[in-house]
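Comments concern the structure below.
The values are calculated or read from the model by the stated rules, or taken from the named source; none is laboratory data. Computed from a predicted model, the values in this text were never measured in an experiment. Virtual Cβ from ideal backbone geometry, glycine too; neighbours counted across all protein chains shown. Surface areas here come from the heavy atoms of the whole protein model, side chains and all, with no ligands, DNA or RNA. Shrake-Rupley method; radii C 1.70, N 1.55, O 1.52, S 1.80 Å.
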Amino acid sequence: MLLFIALANSHYFLRGSSVLGGYPRDGSGVDSAVTWLLSTFVDGRAFPMFGLLFGYGVAQIARRQRALGPWAVRRLLWRRSLVLIVVGLLHALLLYAGDILAAYGVLLLVGAWLVRWKDGWLLLTALLFFALGALPGDGSSTIDSSPPDVAMLPPDVPTMLVERAQVSLYIAFLGPVGFLCPFAIGLWAGRRRILERPERHRMLLWGTASVGIGAAVLGAQPISLMLAGVLTPPDQPTLELIGPLHDATGVLGGLGYAALLSLIAVRFQARGPGRMVDAIAAAGERSMTCYLAQSVVWAVVFTPFLLDLSATLTVAGTAFLATTTWLSTVLLADWMRRTGRRGPFEVLVRRVTYRRSGR
């Protein structure tokens with residue numbers, strides 16, 4: 001998940017003579033191939049998986065704290081949402097304008113009520129917001145021809161703070177609309193502990209992985225081939241059809257990825273974890289810290305008044321940077337695991353969330 005987030009976020013900093021869907025159009029053949037891979041398997045596919053796992057984690061919290069009563073659980077979740085909003089807005093102002101933590105915090109303000117909804121209402125809500133996301137329109141980032149704006153690449157600190165303050169609030173309050181579908185499905189799946197007990201849900205998980213990833217790959221091709229330069233961009237009405245198609249099938253892909261990784265975990269569990277699994281698990285246990293650490297790299301590398309490499313790095317070079325950054329955070333998390341250190345931001349969230357319950 002964190003690798004895909006790094007790959008999905010970093011290319012939006014790149015500048016070129018023309019840009020489409022967050023990709024410069026003047027790259028090499030290698031850049032075109034990497035663009036096809038990212039737009040097929042990563043873009044719009046990573047964040048739904050993130051949303052699903054967020055909802056799943058909320059369901060776990062609600063189950064563990066059930067004895068406190070409904071109102072106490074809601075207050076606990078609201079405290080968690082507030083710390084996510086504060087950390088997210090600071091993250092957006094200082095490091096990365098596209099922060100999603102604040103959006104998750106706003107989502108949890110509403111999601112705290114969804115925790116007690118019946119299964120049917122959760123699935124109906126997920127279906128409704130999935131359908132809304134699939135409607136034709138020009139809101140998909142995959143068909144946006146705008147270069148990185150001043151909030152992404154500010155020329156100085158005052159401009160950075162002013163521009164990012166506006167953008168971060170916009171994302172925080174509108175972002176939850178795009179995450180409600182996977183979040184609701186995550187709540188539903190978390191109640192059944194489907195990802196924790198994959199051996200009991202093999203058929204469901206295999207079906208979700210096959211259909212979800214298959215739909216995501218097929219649904220991405222009109223956009224992916226266009227961004228890679230294989231197809232000529234069509235007229236605007238067609239773009240407004242294939243952009244939402246890419247996004248909607250990406251939601252299915254995010255669900256499919258979560259199901260596939262759960263099935264893969266069964267195989268690792270059967271033969272016992274190794275060093276690699278332990279390291280990746282350590283990164284998962286410190287996911288917020290690792291996510292924020294990625295943004296430190298983006299800020300240093302791309303900000304105009306720092307290294308300013310947004311017009312220098314290519315799509316392929318940026319993908320390599322993203323992968324290297326992710327590997328570095330995995331190594332950092334593994335070192336923290338071996339030395340008995342928890343992630344500082346995980347500690348912060350936990351202290352704020354559980355300060356009154358004492359758990």
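Residues in the stretch 172-187 that are of a type in the set (A, V, I, L, M, F, W, C) and buried (at least 22 other Cβ atoms within 10 Å of the Cβ) were compared, and the one that is nearest to Pro48 (Cα to Cα) is Phe179. Checking each residue in the stretch 22-48 for being under 14 Å from the mean Cα position of the chain (by Cα) and either on the phi > 0 side of the Ramachandran plot or not hydrophobic (A, V, I, L, M, F, W, C) (or both) picks out Asp43, Gly44, Arg45, Pro48.
In the stretch 237-262, the qualifying residues are those that are of a type in the set (Ser, Thr, Tyr) and in contact (Cβ under 8 Å) with a residue 12 or more places away in the chain, and the one that is nearest to Arg193 (Cα to Cα) is Ser262.
From the residues in the stretch 193-206 that are part of a loop (DSSP other than H, G, I, E, B) and under 24 Å from Leu127 (Cβ atoms), which one is most open to solvent (accessible area, probe 1.4 Å)? Looking at the filtered set, the residue picked out is Arg193. Would you pick out the residues in the stretch 237-251 that are open to solvent by less than 20 Å² (accessible area, probe 1.4 Å) and either in contact with a Ser or Thr (Cβ under 6 Å, 6 or more places away or on another chain) or not in a helix (DSSP H, G or I) (or both)? Across the stretch 237-251, the qualifying residues are Gly243, Pro244, His246.
Of the residues making up the stretch 309-349, those that are among the charged types (D, E, K, R) and either touching a residue at least 40 places away in the same chain (Cβ under 8 Å) or closer than 22 Å to Leu84 by Cα (or both) are Asp334, Arg337, Arg341, Arg342, Glu346.
Within the stretch 217-236, the residues that satisfy the criterion of being in contact (Cβ under 8 Å) with a residue 60 or more places away in the chain, assigned to a helix (DSSP H, G or I) and not polar (S, T, N, Q) are Val217, Ala220, Ile223, Leu225, Met226, Leu227. Residues in the stretch 143-164 that are of a type in the set (S, T, N, Q) and closer than 20 Å to Leu89 by Cβ: Thr159 only. Of the residues in the stretch 12-21, none is surrounded by fewer than 20 Cβ atoms within 10 Å (Cβ to Cβ), part of a helix (DSSP H, G or I) and either in contact (Cβ under 8 Å) with a residue 40 or more places away in the chain or within 21 Å of the chain's Cα centre (by Cα) (or both). State yes or no: is Val296 among the β-branched types (Val, Ile, Thr) and touching a helix residue (DSSP H, G or I) at 6+ places or on another chain (Cβ under 6 Å)? No: the conditions fail for Val296.
Close contacts from the stretch 167-193, counting a first residue that is over 20 Å from Leu90 (Cβ atoms) and of a type in the set (Asp, Glu) and a second that is in a helix (DSSP H, G or I) and open to solvent by less than 40 Å² (accessible area, probe 1.4 Å), with Cβ to Cβ under 7 Å and a gap of 6+ residues or different chains, come to none at all. In the set Ala281, Ala259, which member is hydrophobic (A, V, I, L, M, F, W, C) and either at pLDDT 95 or above or under 17 Å from the mean Cα position of the chain (by Cα) (or both)? Every option except Ala259 fails the conditions. For the criterion of being of a type outside the set (S, T, N, Q) and open to solvent by 10 Å² or more (accessible area, probe 1.4 Å), Arg45 fails. Checked against the criterion of being modelled with pLDDT under 90, out of contact with any strand residue (DSSP E or B) (no Cβ under 8 Å at 6 or more places or on another chain) and part of a helix (DSSP H, G or I), the candidates Gly178, Gly190 yield just one match: Gly178. Annotation for the stretch 269-277: no member residue is β-branched (Val, Ile, Thr) and open to solvent by less than 20 Å² (accessible area, probe 1.4 Å). Listed by first and then second residue, the pairs linking a residue in the stretch 275-288 that is over 14 Å from Arg342 (Cβ atoms) to a residue that is open to solvent by 50 Å² or more (accessible area, probe 1.4 Å) and modelled with pLDDT under 90, with Cβ atoms under 7 Å apart and 6 or more places separating them unless they lie on different chains, are Val277/Phe268.
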